[in-house]
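Colleague: This is the structure I want to talk about, given as structure tokens.
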Amino acid sequence: MARLIAVVSGKGGVGKTTVTANLGRALAALGRKVTLVDADIGLNNLDVALDMEERVVYDILDVADGRVTPEEALVADTEFPSLKLLASVRSGVSDKIKAARFAALTSVLGIAADYVLIDAPAGVESGFHRAVCAAKEALIVTTPHIGAVKDASRTAEILSTYDVRNAGLIVNRVRYDLVRRGDAVSPRKIAALMRMKLAGALPESDKIGIDQLYGARGESARAYMMLAYVVEGRSDRVYEPNETGIMSLFKRRQKW
Ligand SMILES: Nc1ncnc2c1ncn2[C@@H]1O[C@H](COP(=O)(O)OP(=O)(O)OP(=O)(O)O)[C@@H](O)[C@H]1O
Ligand SMILES: [Mg+2]
């Protein structure tokens with residue numbers, strides 16, 4: 001039976017869908033069977049992030065209405081065939097899929113997978129409830145911005161009222177140049193302030209949304225791989241930029 005993990009945030013637009021897609025790819029690259037479920041019903045974003053939109057035939061409403069089984073609706077990634085997606089619906093029918101039905105179909109998908117990652121919608125309303133009710137664990141995504149951190153803290157409080165393990169915090173869109181100068185708070189400090197385990201730190205990247213990031217060489221790919229190792233419980237290390245040379249020695253002496 002798979003680990004069922006909801007990717008949640010509180011504030012919208014902080015990177016839940018991007019994290020779900022790329023963490024899924026990183027886990028698949030480690031040889032895991034990963035199923036991604038788009039729980040942002042009415043806004044199909046995950047298939048777009050994975051560049052699978054054209055290949056989606058059946059969506060979650062087809063499954064919820066019993067037209068196809070959950071397995072029949074899955075679309076496999078071309079690069080990592082052990083990564084599969086259950087896509088969301090493209091129209092606003094969110095209320096048609098109740099939390100219990102969603103949890104049942106998610107757990108069916110968990111039978112044949114190592115991980116089911118559930119991409120939650122923004123906010124803490126019914127869509128969040130549906131995603132979290134289907135999960136056993138949750139990863140909270142935030143950016144370093146104060147508004148996002150506040151919402152993430154509130155989300156952590158709300159999560160504690162559910163039967164899910166808080167699996168840790170992911171700080172996305174980190175500007176390490178600002179952190180080095182002392183103009184932004186480091187991911188470690190944010191996690192400490194929130195009294196949460198830091199599961200991952202992901203740098204701000206120009207490439208996201210263009211070249212699918214994971215698969216691309218570079219620091220984001222490395223950061224996602226490190227996140228995957230933490231999720232697997234194989235490591236506690238999160239990404240930090242790897243600089244060499246005299247300038248980096250100088251920079252490292254400055255505040256982190
Ligand atoms: N590390 C990053 N660097 C640069 N851009 C990023 C990064 N992570 C995400 N983005 C961009 O931020 C935007 C929002 O990301 P995404 O859709 O994943 O957020 P979300 O939390 O799922 O949003 P919503 O709450 O609307 O579902 C996208 O344009 C995405 O490409
Ligand atoms: Mg999203």
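Colleague: Considering only residues of region 110-133 that are in contact (Cβ under 8 Å) with a residue 40 or more places away in the chain and of a type in the set (D, E, K, R), which is farthest from ligand 1 (Cβ to nearest atom)?
Modeller: As a first pass, look at region 110-133 and keep what is in contact (Cβ under 8 Å) with a residue 40 or more places away in the chain: 110-124, 127-128, 130-132.
If we keep only those that are of a type in the set (D, E, K, R) too, we end up with 114, 119, 130.
Values: Asp114: 23, Asp119: 7, Arg130: 14 Å.
So, considering only residues that are in contact (Cβ under 8 Å) with a residue 40 or more places away in the chain and of a type in the set (D, E, K, R), the one farthest from ligand 1 (Cβ to nearest atom) is Asp114.
Colleague: In region 128-143, which residues are over 17 Å from Val14 (Cβ atoms) and assigned to a strand (DSSP E or B)? Before you say what the answer is, go through the steps one by one.
Modeller: Taking region 128-143 first, the residues over 17 Å from Val14 (Cβ atoms) are 129-130, 133-137.
Glu137 - this is the single residue of region 128-143 that is over 17 Å from Val14 (Cβ atoms) and assigned to a strand (DSSP E or B).
Colleague: Given the conditions (1) assigned to a helix (DSSP H, G or I); (2) out of contact with any helix residue (DSSP H, G or I) (no Cβ under 8 Å at 6 or more places or on another chain), which single one is not true for Val149?
Modeller: (2)
Colleague: So, of the residues in region 71-104 that are polar (S, T, N, Q) and farther than 12 Å from Ala39 by Cβ, which turns out to be nearest to ligand 2 (Cβ to nearest atom)?
Modeller: Among those residues, the one meeting the criterion is Ser91.
Colleague: Suppose we keep only residues that are within 9 Å of the chain's Cα centre (by Cα) and among the β-branched types (Val, Ile, Thr) within region 6-43. Which one would you say is nearest to ligand 2 (Cβ to nearest atom)?
Modeller: Residues of region 6-43 that are within 9 Å of the chain's Cα centre (by Cα), as a first pass: 6-8, 15-24.
Checking which are among the β-branched types (Val, Ile, Thr) leaves us with 7-8, 17-20.
Numbers: Val7: 9, Val8: 10, Thr17: 3, Thr18: 8, Val19: 9, Thr20: 8 Å.
My answer is Thr17.
Colleague: State the number of residues belonging to region 32-80 that are surrounded by fewer than 24 Cβ atoms within 10 Å (Cβ to Cβ), over 20 Å from Phe102 (Cα atoms) and within 16 Å of ligand 1 (Cβ to nearest atom).
Modeller: Result for region 32-80: 4.
Colleague: Out of the residues in region 9-31 that are more than 21 Å from His129 (Cβ to Cβ) and among the hydrophobic types (A, V, I, L, M, F, W, C), state the one that is nearest to ligand 1 (Cβ to nearest atom).
Modeller: Ala21
Colleague: Follow-up question, since we're still on this one. Say whether the condition of being modelled with pLDDT under 95, farther than 30 Å from Met52 by Cα, within 16 Å of ligand 1 (Cβ to nearest atom) and in contact with a Lys or Arg (Cβ under 9 Å, 6 or more places away or on another chain) is met by at least one residue in region 219-227.
Modeller: No, that holds for no residue.
Colleague: If you go through region 164-182, how many residues are at pLDDT below 95 and part of a loop (DSSP other than H, G, I, E, B)?
Modeller: Residues meeting the conditions: 1.
Colleague: Of the numbered conditions (1) outside any loop (DSSP other than H, G, I, E, B); (2) farther than 26 Å from Glu157 by Cβ, Ser88 satisfies every one except a single condition; which is it?
Modeller: (1) is the only condition that Ser88 fails.
Colleague: Being more than 19 Å from the chain's Cα centre (by Cα), outside any strand (DSSP E or B) and modelled with pLDDT under 90 narrows it down to one of Gln254, Gln212, so name that one. Write out each step before concluding.
Modeller: Numbers: Gln212 fails: more than 19 Å from the chain's Cα centre (by Cα).
That would be Gln254, the only listed residue that is more than 19 Å from the chain's Cα centre (by Cα), outside any strand (DSSP E or B) and modelled with pLDDT under 90.
Colleague: While we're looking at this one, here's another question. Criterion first (surrounded by fewer than 23 Cβ atoms within 10 Å (Cβ to Cβ), more than 18 Å from the chain's Cα centre (by Cα), away from ligand 2 (no atom under 16 Å from the Cβ) and not in a loop (DSSP other than H, G, I, E, B)) does Ser107 satisfy it? Give the steps one after another, and end with the answer.
Modeller: Details: surrounded by fewer than 23 Cβ atoms within 10 Å (Cβ to Cβ): yes; more than 18 Å from the chain's Cα centre (by Cα): yes; away from ligand 2 (no atom under 16 Å from the Cβ): yes; not in a loop (DSSP other than H, G, I, E, B): yes.
It is true that Ser107 is surrounded by fewer than 23 Cβ atoms within 10 Å (Cβ to Cβ), more than 18 Å from the chain's Cα centre (by Cα), away from ligand 2 (no atom under 16 Å from the Cβ) and not in a loop (DSSP other than H, G, I, E, B).
Colleague: Limited to region 143-158, what total is found for residues that are closer than 14 Å to Met196 by Cα and of a type in the set (Ser, Thr, Tyr)?
Modeller: Number satisfying all stated conditions: 2.
The values are calculated or read from the model by the stated rules, or taken from the named source; none is laboratory data. Here the structure is a predicted model, which means the values were calculated and not measured. Heads up, the Cβs are rebuilt from the backbone with ideal geometry, glycines too, and the neighbour counts pull from every protein chain shown.
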